[in-house]
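The values are calculated or read from the model by the stated rules, or taken from the named source; none is laboratory data. Because the structure is predicted, anything quoted here is derived from the model rather than measured. All Cβ positions, glycine included, derive from the backbone under ideal geometry; neighbour counts span all protein chains shown. Heavy atoms of the whole protein, side chains included, go into the accessibility calculation; ligands, DNA and RNA do not. Shrake-Rupley method; radii C 1.70, N 1.55, O 1.52, S 1.80 Å.
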Amino acid sequence: MKRVAIVGGGISGLSAAFALEQQRQAGAPLEYALFESSSNLGGVLCTELVDGCVVEGGPDSFLTEKPWAADLCRQLGLGDQLIGSNDAERKTYILLNGKLVPLPDGLMFMVPTKILPVVFSPLFSLTTKLRMAFEWFDKPQSRPDEPVAALVERHYGAEMVDRLADPLLSGVYGGDASQLGVQAVLPRFAQMEAKFGSLSRAMLAARKSIPKRNGPAKPLFTSLKNGMRQLVDELVARLDSAALRTNTPVESLQIEKGGWLVSDGGQSDSFDAIIVATSAPASANLLQNSASDLAAELGGIHYTSSVTVTLAYQQEVRSLLPPGFGFLVPRSEGKRMLAATFVHNKFPFRAPQERALIRCFLGGVSQEQMLELPDDEVIGVVRDELRQILGLAAEPLFTRVYKWKAAMAQYNVGHLERLDRIEHLRRQLPGLALAGNGYRGIGVPDCVRSGHEAAAQALAAIGITQSKPQVVAS
């Protein structure tokens, strides 16, 4: 009987455990144990049902174009619970000089593909609009990895970085466009620049190459009807309960003959293979004594923290809010909020008709101190800035604050080269696999994929050939 340990009970670790469980049930001579330091499995996937509202503490959805999370949901029999974003109502605003300005039509991420909407938008100055026009004639060029800010400024100017690129990346990574690397964060942009020169021309060419679809377009975002926690609960229900060791922090990992020794303080246990599915710095600490070179590389992947605040209001607040999904806040506006989502507009089944639900984001690379504030002070900051931005002075019916310390990996310049070094060092340690958001994607689908790939690596290391998993009917 082969034994595999999984360290970390977030969505990456749970996905790895599910992949192993499928093989165990198919008859593989295998057992596994999942170690989680807290009492909670699922990491940042945290959902509460409050006063008829679905309140997400962490991610509220995932990108539809990345299939791994939706495929896992279907495997678990949750296919009929998948819901799409209300894209007919999708509209995003940028806070500019204290006022909300809608993003003009035709912007694909930050690349303009339609002339007139951009020309008439007050979001950009005449200088930036001229830069956009002349960008059409940029020549192809290949460059080494560089900050996203450098690429965007080269094509469209510093104003585009401040008003669009940086707020967008703050919303996704909690990071800084002057630090995040193009090759890891926006690899398609690097490829488009190398082939076309102009990002606008490249994006238009890409749009023309997409085959026309019959029927409605797929929604941009996908979630679950009762919240993202549904995925965690269903995963946990499918695992061997005896294998789940919550409230069991692992203190060290040691290589021993034929495998790994996992010490959790109270005892040590031997395994043939191990999947480390914690944050990269936490993984570095665990591997420090047995693989110092690998630990040093893992420790070089930085993380930022985030805070989400959800506020619920009476129905009349809905009529006060602008239509759309929400707004982004450039750093130059001097606010502590990074963004806000009008949850009741973004997805169905999130709030009753008589409720408005607003979700605000703080923290990130420049605001780690927000984690140290008491919850009532954080709520005070959010309410004060919502009053300034939206004129929203109403008393909320309820509030929820969630703090996530060092939860968002930063793919800084040189990240892919670091991953190559990590992979080279990992292969020298038999039976070791790594999973999580620190490597090749921070979203839920990326974490699911990384868990599955880590399970495949662990199974291969112990000589077990995978059988095809069964799909559960919805």
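For the charge dipole of the stretch 246-312, defined by +1 on Lys and Arg C-beta atoms and -1 on Asp and Glu C-beta atoms about the Cα centroid, which residue among 266, 306, 281 has the Cα displaced farthest towards the positive pole? Checked the options; the winner is 306. Using the 1.4 Å probe convention, the accessible area of the chain works out to 44 Å² per residue with neighbouring protein chains retained.
Work out, in µm²/s and without decimals, the Stokes-Einstein translational diffusion coefficient of the stretch 157-215 at 37 °C, 0.692 mPa s, Rh from Kirkwood over C-alpha pairs. The diffusion coefficient I find is 250 µm²/s. Packing, as the average of other Cβ atoms within 10 Å across residues, places the peptides 14-20, 429-435, 257-263, 314-320 in the order 14-20, 429-435, 257-263, 314-320, highest first.
Summarise the long-distance tail of P(r) for the stretch 333-474 by giving the % of C-alpha pairs beyond 17 Å.
Beyond 17 Å sits 74 percent of the P(r) for the stretch 333-474.
If you sort the three axes of the alpha carbon gyration tensor as a ≥ b ≥ c, you get a/c of 1.5 or more for the stretch 177-299 and a/b no higher than b/c, which makes it oblate.
Placing +1 on the Cβ of every Lys and Arg and -1 on the Cβ of every Asp and Glu, with nothing else charged, gives the stretch 381-474 a dipole about its Cα centre of roughly 180 debye.
Given 37 °C and 0.692 mPa s, compute D for the chain with the Stokes-Einstein relation, Rh being the Kirkwood radius over Cα pairs; round to the nearest whole µm²/s.
Calculated translational D: 138 µm²/s.
Rounded to two decimals, what ratio of Rg to Rh does the stretch 108-254 give with C-alpha atoms and a Kirkwood Rh? Over the Cα atoms of the stretch 108-254, Rg/Rh equals 1.13. Restricting the calculation to alpha carbons of the stretch 202-269 gives Rg and Dmax of 23.1, 61 angstrom.
Largest first and in whole Å, the equivalent-ellipsoid semi-axes of the stretch 11-68 read 28, 16, 10, each the square root of five times a Cα gyration tensor eigenvalue.
Backbone phi angles across the stretch 391-397, fed through the Karplus curve with coefficients 6.51, -1.76 and 1.60 (θ = phi - 60°), yield HN-Hα couplings of x, 8, 10, 4, 6, x, 6 Hz in residue order; Gly and Pro are listed as x. Evaluated on the stretch 1-142, the Kirkwood hydrodynamic radius is 20.2 Å, with distances taken between all distinct Cα atoms. Between the alpha-carbon centres of the stretch 397-437 and the stretch 291-366 there is a gap of 21 Å. Accessible surface for residue 180 stands near 0 Å², nearest 10, in the context of the full protein assembly shown (1.4 Å probe).
Computed from phi, the 3J(HN,Hα) profile of the stretch 8-23 under the Karplus parametrisation 6.51, -1.76, 1.60 (θ = phi - 60°) reads x, x, x, 5, 5, x, 5, 5, 5, 4, 5, 4, 5, 4, 4, 5 Hz, with x in place of Gly and Pro.
For residue 398, the residues 5 or more places off, or on other chains, whose built amide H falls under 5 Å of its own are 312.
List the lysines whose Cα sits under 23 Å from the Cα of residue 91, skipping any in the same chain fewer than 8 residues away. Filter leaves 66, 99, 114, 129, 218, 225, 335, 346.
Rounded to a whole number, what % of the accessible area of the chain do carbon and sulfur atoms account for, probe 1.4 Å?
Whole-percent figure for carbon plus sulfur exposure: 52.
Ranked by the mean number of other Cβ atoms within 10 Å of their residues, highest first, the peptides 392-403, 286-297, 159-170 fall in the order 159-170, 286-297, 392-403. Overall, the ratio between the Cα radius of gyration of the stretch 94-192 and 2.2 N^0.38 Å, rounded to two decimals, is 1.05.
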